[in-house]
1. On the given criteria, is Lys548 part of a loop (DSSP other than H, G, I, E, B) and either of a type in the set (Val, Ile, Thr) or more than 21 Å from Gly604 (Cβ to Cβ) (or both)?
2. Report whether or not Val180 is open to solvent by less than 10 Å² (accessible area, probe 1.4 Å) and under 27 Å from the mean Cα position of the chain (by Cα).
3. When residues of region 79-93 are filtered for being among the β-branched types (Val, Ile, Thr) and either surrounded by fewer than 20 Cβ atoms within 10 Å (Cβ to Cβ) or at pLDDT below 90 (or both), how many remain?
4. Counting only residues that are modelled with pLDDT of 90 or more and touching an Asp or Glu at 6+ places or on another chain (Cβ under 8 Å), how many does region 614-637 have?
5. Which of the residues belonging to region 526-548 are of a type outside the set (Val, Ile, Thr) and either exposed (fewer than 13 other Cβ atoms within 10 Å of the Cβ) or on the phi > 0 side of the Ramachandran plot (or both)?
6. For Arg636, state whether it is within 26 Å of Leu549 (Cα to Cα), open to solvent by 30 Å² or more (accessible area, probe 1.4 Å) and either in contact with a His (Cβ under 6 Å, 6 or more places away or on another chain) or part of a loop (DSSP other than H, G, I, E, B) (or both).
7. Please name all residue pairs, on different chains or six or more residues apart, with Cβ atoms under 7 Å, provided the first residue is in region 596-612 and is closer than 14 Å to Ile577 by Cα and the second residue is modelled with pLDDT under 90 and basic (Lys, Arg).
8. Please give the number of the condition His501 fails out of (1) touching a residue at least 40 places away in the same chain (Cβ under 8 Å); (2) open to solvent by less than 60 Å² (accessible area, probe 1.4 Å); (3) out of contact with any helix residue (DSSP H, G or I) (no Cβ under 8 Å at 6 or more places or on another chain); (4) not β-branched (Val, Ile, Thr).
Amino acid sequence: KKRSCRDGFHWYNNNKCGCGCRKNRRKKRKTPTKAPTRGRPSLRPTPSPTAPIKLPPVFSTPPGSIACPTIVGKTISVTAGYTASIVKSGLLCTLVEITNTGLVIPVGRSYSNYDWEPAAGIYAALKWSCNDVTCSVTLPAGKKFELETFYPPQYKADDVIARFLQQATFGITREEINDVKSLGNGGIEEWADNQMNSVPISSHRAFFRRFLTGSHAAPSEMGIVTHPCQKGTHYRMHAFSGRDFKRKVQVKVLNNGRIMLSIAGHSRAVVDSLTTKSGDDIEDGTYKICKRPNNVFLDNTSKKNSRLSLRTNKGMCESIRINGKEGNTRVNYDDSEDETVPNYIINFDKLTDKNSKIIPVNTEFYGGLGKQPAVQELILTDDLFDELPNVCESLPKVTGNPDDPVFAYFNDQVWIHHPRFLLQNNTIRAPLSDAGGTLVQLSKQTWRKPHASMQTICANTPRTFLNEDKCFLSIDENICSKDKRPSFLIPLTHENLRKMHTITDEYNEETRYIYAVDGLRLWKHRRIRPACKEGLTTRWVKNKCTGKLQPVANETADVFKFLFGESEDINPYVTDILLPKKFIFKCNEADMTRRGIEITTDDGTCYKHVHPDLMQVYDMTFWARLNTHPGNSKTRNPIKEFAEAGSTTLIFPSWH
């Protein structure tokens, strides 16, 4: 039955939906509103800029040439089948092919009055010939081509800087934007130059390593774990952690009727009752932890999602009740049962000012919804080796064996060692002098029979363009290498380099292409320091002087004459000398920034300052493979050509 509706609603009657009052729909206005619109901006771009744009100068169109359209959205057809001469564009202008199906295929583009350049794809090999004003290209016949112009987007100064910093940094900050703005019109260029030449390199990896505190049950290939007495190590309250997932728990009823829960024969907890969630008793036996354990449930404080699940004799993964409560349990042992007492116990209650040296950590992760943070994990804020020397020294240097953990007393509660991953400071600027050799030896001292997965590997790395400036030859007694060291030394003469190539080729191994690199130029590398830089080792070659360079001052010549006279370098190809810091002789001020200088000693030998890697020996086998060097192909391999011609010297190309 129709009834009246309140204002803003109308009556409707629909056989499918029934009847009732429905809110009135707003009708679209046929005339523009007087007030500013508050809706969303239009999705389509405006056909022309809303404000004047400073555009590059426009070239006049020579006779017989085609200019890009000056109106955005308008296209100009280019006849195919002949050589078209197209004027360079101050704005972004594109040349595209329009297929019969309407598909747009890029052909080329020009912007900021630069030469036309081919687009990636099927037209990438198209040849363009350019002069000062136009570029010519021969377009294939039977196709349709068009030119179209695009206006550049308008950015505020802050937007331009932010866009650049987004590409050049790990993230944008307002402070960084203001710093670039303060440098003026050339701020971006000056900022980039400063970053490349003055600011030390930074990396996300180094930042991550510095603050990493991940838990590790035992040493691994990546490194060792924290000692129980070491600053930064953790202790936890719950008997089983996520690291015990998929491990087997032994359940055993003790003489006093209590139940011991252990892993690998070492007790973790002693409980009064152990049942499934449905109430079935867990009998003596071995059960696999089938879900990742988490924290202990503590009344009124912790989260209620405490969990410990075992695969029972029914073959099911069932949640376990310990002492009537579902979930994980506290670490504890029974003094009356010797087999439950741990092998290693530290009494933190004997420490002076213990509450400042051992504090709660990660409490926010254990507190329940609407509850106070719960204390289920501790961290050592200081080393305890001096205060507890007997206990700490009785433990192995590398701990973390998950089968035989360390227990601790603190505030009359029992805790279990929860070690953290211990990272060494091994950066490009400060690499480990032993390449991780000390850690490798320590990781072999674990409490059970060493396993390959628990042994740390060497931390050195191959020489690359990123680290070559900081590579050094270590003489540390604990030095280690991923490769076995030879028991003898091989002089890197041209004869021996040639033998390395021929021997590997003869015995059907991968032929090695080992070269001494020549042709490196000082002038191409801004990072190479001048010859007079104190504290720097420089490289020199004998009797290859040109005599065309401006002679150095007498003071500078005296410095290097003395160093050459004292040098014990017997290398027949190059001579390396170190200019000590605070040396008694000083170079002339005019020579302090010079590279490539020539020095003639009193006996007539001429030394020329060269690139520090000149005649350095490299194994180029990787770059001789087909798909590694861009110049390699099935018909020509420029890396192999030197060896195939009988040479052991790779001449660095002059055009590189």
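The values are calculated or read from the model by the stated rules, or taken from the named source; none is laboratory data. No experiment lies behind these values; they were computed from the predicted model shown. Here Cβ is always computed from backbone atoms with ideal geometry, including for glycine, and neighbour counts include all displayed protein chains. Quick note on the areas: whole protein, heavy atoms, side chains included, nothing else; ligands and nucleic acids left out. Shrake-Rupley method; radii C 1.70, N 1.55, O 1.52, S 1.80 Å.
1. Details: part of a loop (DSSP other than H, G, I, E, B): yes; either of a type in the set (Val, Ile, Thr) or more than 21 Å from Gly604 (Cβ to Cβ) (or both): no.
So Lys548 does not fit the description; no.
2. Working: open to solvent by less than 10 Å² (accessible area, probe 1.4 Å): yes; under 27 Å from the mean Cα position of the chain (by Cα): yes.
Here the answer is yes, as Val180 does meet what is asked.
3. Kept after step one, since they are among the β-branched types (Val, Ile, Thr), are these residues of region 79-93: 79, 83, 86-87.
The next check asks that each one be either surrounded by fewer than 20 Cβ atoms within 10 Å (Cβ to Cβ) or at pLDDT below 90 (or both); those that pass are 79, 83.
Adding up the residues that qualify gives 2.
4. 2
5. Restricting attention to region 526-548, the residues satisfying the condition of being of a type outside the set (Val, Ile, Thr) are 526-527, 529-536, 539-540, 542-545, 547-548.
Within region 526-548, Arg526, Arg527, Gly535, Asn543, Lys544, Gly547, Lys548 meet the criteria.
6. Details: within 26 Å of Leu549 (Cα to Cα): no; open to solvent by 30 Å² or more (accessible area, probe 1.4 Å): yes; either in contact with a His (Cβ under 6 Å, 6 or more places away or on another chain) or part of a loop (DSSP other than H, G, I, E, B) (or both): yes.
Spelling it out, it is not the case that Arg636 is within 26 Å of Leu549 (Cα to Cα), open to solvent by 30 Å² or more (accessible area, probe 1.4 Å) and either in contact with a His (Cβ under 6 Å, 6 or more places away or on another chain) or part of a loop (DSSP other than H, G, I, E, B) (or both).
7. Tyr607/Lys542; Lys608/Lys544; His609/Arg595; His611/Arg521
8. All conditions are met except number (3).
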